[in-house]
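K.L.:
I'd like to ask you about the structure that follows.
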Amino acid sequence: MSIIAAPALKSFSTYFSLALVVFIASFLALPTAKMVNNVYYVLLALPALWVVIIRRSEVFRVIPVDLAIWAALLIWFALLGIWSGGAQHYKHLIYIALFIIIVSRLADPKLFRQPWFARALFWTLVFYVLGSALVYWSTGRYEVGERVLWLPSRMTGPIYTSIWIACCFVLAVPVWLGQRRWGEWVAALLAALFCMGFILQSRSGLVALAAAVGGVACYKAFRSHRLFLYLIFTIAVAVGLVVAAANFLPEVERLFSRADAGRVRLWAIMLNEWMDCGLLLGCGLEHQTEQLLLSGRAINHPHSIFLSLGVFGGIIALVLFVMLMIFVLHDAWVQQDPWGLYLFTALVGLSFDGSKLIGNPDELWLLVLLPACMIGNRHKVKGFLSVRRRLRP
C-alpha cells in the first residue's frame, strides 16, 4: 500500500484544510460571485498550482480510480471545447482540476470528519437563512410567508440553498444519533423543514432530504432495530409537520400546488434537442434552446445535472459522471463515510435543478465536487490494482 503524500507534501495539508473552510464560509459571508472567486484564486488555486508544480511527483505518485475518472471527464470536456468552447472554458477546467486536487490530495480530511464540523456547518447555514429572512421581514423587502428568492450572500438561490440544507442535515445525523443529541436532532429537523418549506419554499431540498432519510431508514432496518425506529419516528414527524403546514399555511400549500413547475415539459424539450444534436457529442457547451414553457418563460438550463451533462457534453460525459458517482458512493458505503450520504442527497436534489458542472466556483462545487473528492481523500490511497482486488466479492 503506497502513501500518496511524503512528509514534505503533508506539511501543506493544514493550510489547505483551513483555506478550504474559508472558501466554504465565503459563500455565506461574501455578497458577490466575484469576491468568492477571488477567495478561491488567492487562497486555494494559486497556492495549489505552486504545490503541484514543485511536488508533482508526490501529488500524483498513486492515481486512484476516482481521480482517473475525474481526469477522463475533464479531458472529454477539453476535447468538446475545441469545437464548442472558448478560452474561458479551459480556464474553468483548470479551476475545477485544481479544486479536485486540493480536496482529494492536498487538504487533510480529518478536520471535515470531526463531529463538531458537521453540526457547525448545518447550524451556520440555518442561521444564515433564518437571519436573512428576519432582516427581510423586518425591512419589508419580503412579506412573512412570501418566498425568499434572493438571499444576501453568494449562496443566494432558494433551490440550491435548500439542497445544501438537506445535505448538511444528513451529514450531521450520524453525530446526533451517535452522541444521543435528541433535542438538537429534533430542533435541527424543525429548522430544516421551516427553512426549506416556509422561507425558501423549495421542494428540491425536501425531496432530497426525504430520499436520504428514507434510504437510511431502510438500510438501518437490517442493521439496528433501535436506529430504524428513531429514523421512522423522524420520517413520521417530518411528514406530519409538512401535512399540517400544508393544511394550515397557505404558503406551504402553494409549495405543493405548483405541480411540476414545468419540469416535465422542460425535460422533454431538452431531451429532444439533445437527440437532434446527436447522442454522442450533445449540443455543445454554449447551447441555449429557443423554445419556451407553456407559461411563456424561457428555459435557462435543463434543470437536472444529469440531463445537463448529456445536453452539453453528450453521452460520454454523462456515462463518465455516472460511473464516477457510483464508484465514489460505493467507496463511501464501504468506508461508512457520512460524506457519501451528503453526496447522495445532493444528487437527488440536483436531479431536479442541476445546471452546468464546468464553470466558475458556484453551488455545485459545494454540492458535488466537495463531497465526491472528500470521500476519495485518503492519507493512504489504493491504486488501480489494489482497488480492483478490494472490490472483488
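K.L.:
Residue 90 - would you say it is in contact (Cβ under 8 Å) with a residue 40 or more places away in the chain and of a type in the set (Ser, Thr, Tyr)?
P.N.:
no
K.L.:
Let me ask you something else. Which of the following residues is β-branched (Val, Ile, Thr) and at pLDDT 90 or above: 345, 289? Quick ask: steps written out before the conclusion?
P.N.:
Values: 289 fails: at pLDDT 90 or above.
Answer to the check: 345.
K.L.:
Okay, next question. Would you please name the residue that is nearest to the chain's Cα centre (by Cα), looking only at residues in the stretch 47-73 that are under 24 Å from residue 356 (Cβ atoms) and without any contact (Cβ under 8 Å) to a residue 60 or more places away in the chain?
P.N.:
Taking the stretch 47-73 first, the residues under 24 Å from residue 356 (Cβ atoms) are 48-49, 66-73.
Of the ones still in play, those that are also without any contact (Cβ under 8 Å) to a residue 60 or more places away in the chain are 48-49, 71.
Working: 48: 22, 49: 24, 71: 19 Å.
Residue satisfying both the conditions and the ranking: 71.
K.L.:
Failed condition for residue 91, given (1) exposed (fewer than 15 other Cβ atoms within 10 Å of the Cβ); (2) charged (D, E, K, R); (3) in contact with a Phe, Trp or Tyr (Cβ under 7 Å, 6 or more places away or on another chain), with all others met?
P.N.:
Failing condition for residue 91: (3).
K.L.:
Checking residue 42 against (1) in contact with a Ser or Thr (Cβ under 9 Å, 6 or more places away or on another chain); (2) free of Cβ contacts under 8 Å to residues at least 12 places away in the same chain: exactly one of these is not met. Which one?
P.N.:
Just one mismatch for residue 42, condition (1).
For every residue, the table says whether it meets (1) within 28 Å of residue 309 (Cβ to Cβ); (2) at pLDDT below 95; (3) in a loop (DSSP other than H, G, I, E, B).
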| position | (1), (2), (3) |
| --- | --- |
| 1 | no, yes, yes |
| 19 | no, no, no |
| 43 | no, no, no |
| 73 | yes, no, no |
| 80 | yes, yes, no |
| 83 | yes, yes, no |
| 91 | yes, yes, no |
| 100 | yes, no, no |
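K.L.:
Is it fair to say residue 14 is under 25 Å from the mean Cα position of the chain (by Cα), more than 30 Å from residue 312 (Cβ to Cβ) and modelled with pLDDT under 95?
P.N.:
When the stated conditions are applied, residue 14 passes them.
K.L.:
I would also like to ask the following. Looking only at the stretch 172-218, count how many residues are assigned to a helix (DSSP H, G or I), of a type in the set (Lys, Arg) and surrounded by fewer than 16 Cβ atoms within 10 Å (Cβ to Cβ).
P.N.:
0
K.L.:
Only one residue in 161, 124, 156 is assigned to a helix (DSSP H, G or I), hydroxyl-bearing (Ser, Thr, Tyr) and surrounded by fewer than 23 Cβ atoms within 10 Å (Cβ to Cβ), so which one is that?
P.N.:
Residue meeting the stated conditions: 124.
K.L.:
Look through 284, 262, 313, 278 and report the one residue that is at pLDDT 80 or above and within 25 Å of residue 163 (Cα to Cα). Even if it seems obvious, please write down each step before you answer.
P.N.:
On the way: 284 fails: within 25 Å of residue 163 (Cα to Cα); 262 fails: at pLDDT 80 or above; 278 fails: within 25 Å of residue 163 (Cα to Cα).
So the residue among 284, 262, 313, 278 that is at pLDDT 80 or above and within 25 Å of residue 163 (Cα to Cα) is 313.
K.L.:
Which of the following residues is among the β-branched types (Val, Ile, Thr) and farther than 19 Å from residue 327 by Cβ: 63, 75, 69, 82?
P.N.:
When all the criteria are applied, what remains is 82.
Quick grid of which residues meet (1) modelled with pLDDT under 90; (2) touching a His at 6+ places or on another chain (Cβ under 7 Å); (3) farther than 27 Å from residue 34 by Cβ:
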site	(1), (2), (3)
144	yes, no, yes
151	no, no, no
158	no, no, no
169	no, no, yes
188	no, no, yes
203	yes, no, yes
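K.L.:
While we're looking at this one, here's another question. Hey, could you check the stretch 331-347 for residues that are without any contact (Cβ under 8 Å) to a residue 60 or more places away in the chain and farther than 17 Å from residue 112 by Cα and say which is surrounded by the most Cβ atoms within 10 Å (Cβ to Cβ)?
P.N.:
Looking at residues that are without any contact (Cβ under 8 Å) to a residue 60 or more places away in the chain and farther than 17 Å from residue 112 by Cα, I get 347.
The values are calculated or read from the model by the stated rules, or taken from the named source; none is laboratory data. Every value quoted in this text rests on a predicted model; they were computed, and no experiment measured them. Positions of Cβ are backbone-derived with ideal geometry, glycine not excepted, and every protein chain shown enters the neighbour counts.
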